[in-house]
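What follows is a set of notes on a single structure, which appears directly below.
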Amino acid sequence: MTLPEFRLLRPSNLSEVFAARRAYPGARLLAGGTDLVANLRHGIGRAPALIDITAVPGLGDIAEELSSLRIGAAVTLERLSNDPLIALHAPALAQAARQIAGPAHRTLATLGGNLCLDTRCIYYNQSAWWRQSNGFCLKYRGERCHVAPEGNRCRAAYSGDTAPALLALGATVELGDGTETGWVDLESMFQEDGAAHLRLGDSQVLLGVRVPIRSGLLAAYEKARLRGAMDFPLAGVAVALRREEDRLADLRIAVTGTNSRPVLLKDCEALVGRSIDEKALQQIDSLVQRQVKPMRTTLTPAHSRRRMAAALAVRLARRLWGR
């Protein structure tokens with residue numbers, strides 16, 4: 001359980017961050033370290049250097065810009081939970097942040113770290129000797145996925161809580177590599193591969209998140225977990241909708257904890273223009289169960305997690321429609 005050797009770098013600006021990424025291929029960014037350091041202690045991955053970004057100006061800021069909120073990647077989960085701008089314009093994000101880990105973790109853990117959270121699996125998140133005795137796994141040092149032995153892809157599950165809330169809110173992310181900086185849809189940052197779920201280049205850095213401010217949009221996040229705190233989601237769901245009298249004007253549903261990436265459900269627009277009645281709720285249940293694909297990555301059966309996700313989506317949609 002000892003940490004491997006690495007070089008610790010503390011850049012004071014973004015230029016130094018990008019320079020460090022170029023100088024140390026394979027270096028990892030460090031903010032709170034609540035996930036990264038624990039994995040390193042378990043011998044899950046190695047890094048020649050850790051780049052501490054907590055002193056970089058701007059990455060810890062929250063600001064209202066025209067019709068959106070800009071949130072720096074190094075903003076802590078504790079601040080997300082209590083910031084008045086987040087509470088006013090993106091309360092679902094605050095709800096998600098409050099349900100992550102425990103109070104001490106949230107004072108250190110950051111938005112960027114939670115979005116880039118490593119995927120998890122009962123065959124991966126174990127001690128080094130346990131993993132070695134099982135021949136390791138496809139995600140790290142092995143040649144076989146123990147969840148799907150006949151396949152050629154890692155099935156470890158993504159379990160970040162802030163991603164579904166931000167997907168439901170239509171968020172974009174700012175990525176930079178020292179030569180080019182730009183905004184892309186959050187969904188495009190992920191792919192369905194547990195061993196390489198982030199579509200980030202070796203030199204790219206997640207700098208911040210932009211959440212559009214949309215009048216009349218209601219959103220919420222809930223998750224199912226074994227313990228009431230300090231636990232990752234078996235299934236987490238965010239729902240965002242806008243109601244115009246008795247008609248649905250907009251609906252977005254996102255799920256975490258089931259796939260190797262957070263899932264923004266397709267075909268929700270088929271419900272737009274209708275009321276959220278029992279028939280529509282049954283359709284939401286069906287949409288979730290058809291599109292999420294939990295595997296045996298936790299001790300809870302996969303079919304149970306699929307039904308959990310569907311039940312959470314139905315409950316949130318009914319509650320938000322009633323408001």
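The values are calculated or read from the model by the stated rules, or taken from the named source; none is laboratory data. Values in this document were obtained by computation on a predicted structure and should not be read as measured data. Neighbour counts run over all protein chains shown; Cβ positions are idealised from the backbone, glycine included.
Which residues, taken from segment 56-66, are at pLDDT 95 or above and either in contact with a strand residue (DSSP E or B) (Cβ under 6 Å, 6 or more places away or on another chain) or part of a loop (DSSP other than H, G, I, E, B) (or both)?
If we filter segment 56-66 for residues that are at pLDDT 95 or above, which is where we start, we get 56-64.
Across segment 56-66, the qualifying residues are V56, P57, G58, L59, G60, D61, I62, A63.
Within segment 126-152, how many residues turn out to be in a loop (DSSP other than H, G, I, E, B) and either aliphatic (A, V, I, L, M) or under 16 Å from A196 (Cα atoms) (or both)?
So the first thing to find is which residues in segment 126-152 are in a loop (DSSP other than H, G, I, E, B), and the list is 126-127, 134-136, 138-139, 142-152.
Right, trim to either aliphatic (A, V, I, L, M) or under 16 Å from A196 (Cα atoms) (or both) and you get 138-139, 142-145, 147-148, 151-152.
The total comes to 10.
Out of all the residues in segment 201-216, which are surrounded by fewer than 16 Cβ atoms within 10 Å (Cβ to Cβ), assigned to a loop (DSSP other than H, G, I, E, B) and out of contact with any Lys or Arg (no Cβ under 8 Å at 6 or more places or on another chain)?
G201, S215 - these are the residues of segment 201-216 that are surrounded by fewer than 16 Cβ atoms within 10 Å (Cβ to Cβ), assigned to a loop (DSSP other than H, G, I, E, B) and out of contact with any Lys or Arg (no Cβ under 8 Å at 6 or more places or on another chain).
Take segment 31-46 and flag every residue that is of a type in the set (A, V, I, L, M) and within 14 Å of T2 (Cα to Cα). Give the steps one after another, and end with the answer.
Let us first name the residues in segment 31-46 that are of a type in the set (A, V, I, L, M), namely 31, 36-38, 40, 44.
Those that are of a type in the set (A, V, I, L, M) and within 14 Å of T2 (Cα to Cα): L36, V37, A38, L40, I44.
Confirm whether L241 is touching a residue at least 60 places away in the same chain (Cβ under 8 Å), surrounded by 13 or more Cβ atoms within 10 Å (Cβ to Cβ), not assigned by TED's automatic domain parsing to the domain that holds Q99 and not in a loop (DSSP other than H, G, I, E, B). Steps first, please.
Numbers: touching a residue at least 60 places away in the same chain (Cβ under 8 Å): yes; surrounded by 13 or more Cβ atoms within 10 Å (Cβ to Cβ): yes; not assigned by TED's automatic domain parsing to the domain that holds Q99: yes; not in a loop (DSSP other than H, G, I, E, B): yes.
In short, yes.
Taking segment 244-270, which residues are part of a strand (DSSP E or B) and hydrophobic (A, V, I, L, M, F, W, C)?
Residues of segment 244-270 part of a strand (DSSP E or B): 244, 247-256, 263-264.
Within segment 244-270, L248, A249, L251, I253, A254, V255, V263, L264 meet the criteria.
Based on this model, can you work out whether A73 counts as under 25 Å from L40 (Cβ atoms), within 14 Å of the chain's Cα centre (by Cα) and surrounded by fewer than 22 Cβ atoms within 10 Å (Cβ to Cβ)? Even if it seems obvious, please write down each step before you answer.
Values: under 25 Å from L40 (Cβ atoms): yes; within 14 Å of the chain's Cα centre (by Cα): yes; surrounded by fewer than 22 Cβ atoms within 10 Å (Cβ to Cβ): no.
So A73 fails the test.
Kindly establish whether L69 is touching a residue at least 60 places away in the same chain (Cβ under 8 Å), out of contact with any Gly (no Cβ under 9 Å at 6 or more places or on another chain) and closer than 27 Å to L316 by Cα. Please lay out each step first, then the result.
Values: touching a residue at least 60 places away in the same chain (Cβ under 8 Å): yes; out of contact with any Gly (no Cβ under 9 Å at 6 or more places or on another chain): yes; closer than 27 Å to L316 by Cα: yes.
Taking the combined requirement at face value, the residue satisfies it.
Do we find that R155 is within 20 Å of T298 (Cβ to Cβ), within 19 Å of the chain's Cα centre (by Cα) and outside any helix (DSSP H, G or I) in this structure? Quick ask: steps written out before the conclusion?
Numbers: within 20 Å of T298 (Cβ to Cβ): yes; within 19 Å of the chain's Cα centre (by Cα): yes; outside any helix (DSSP H, G or I): yes.
Spelling it out, R155 is indeed within 20 Å of T298 (Cβ to Cβ), within 19 Å of the chain's Cα centre (by Cα) and outside any helix (DSSP H, G or I).
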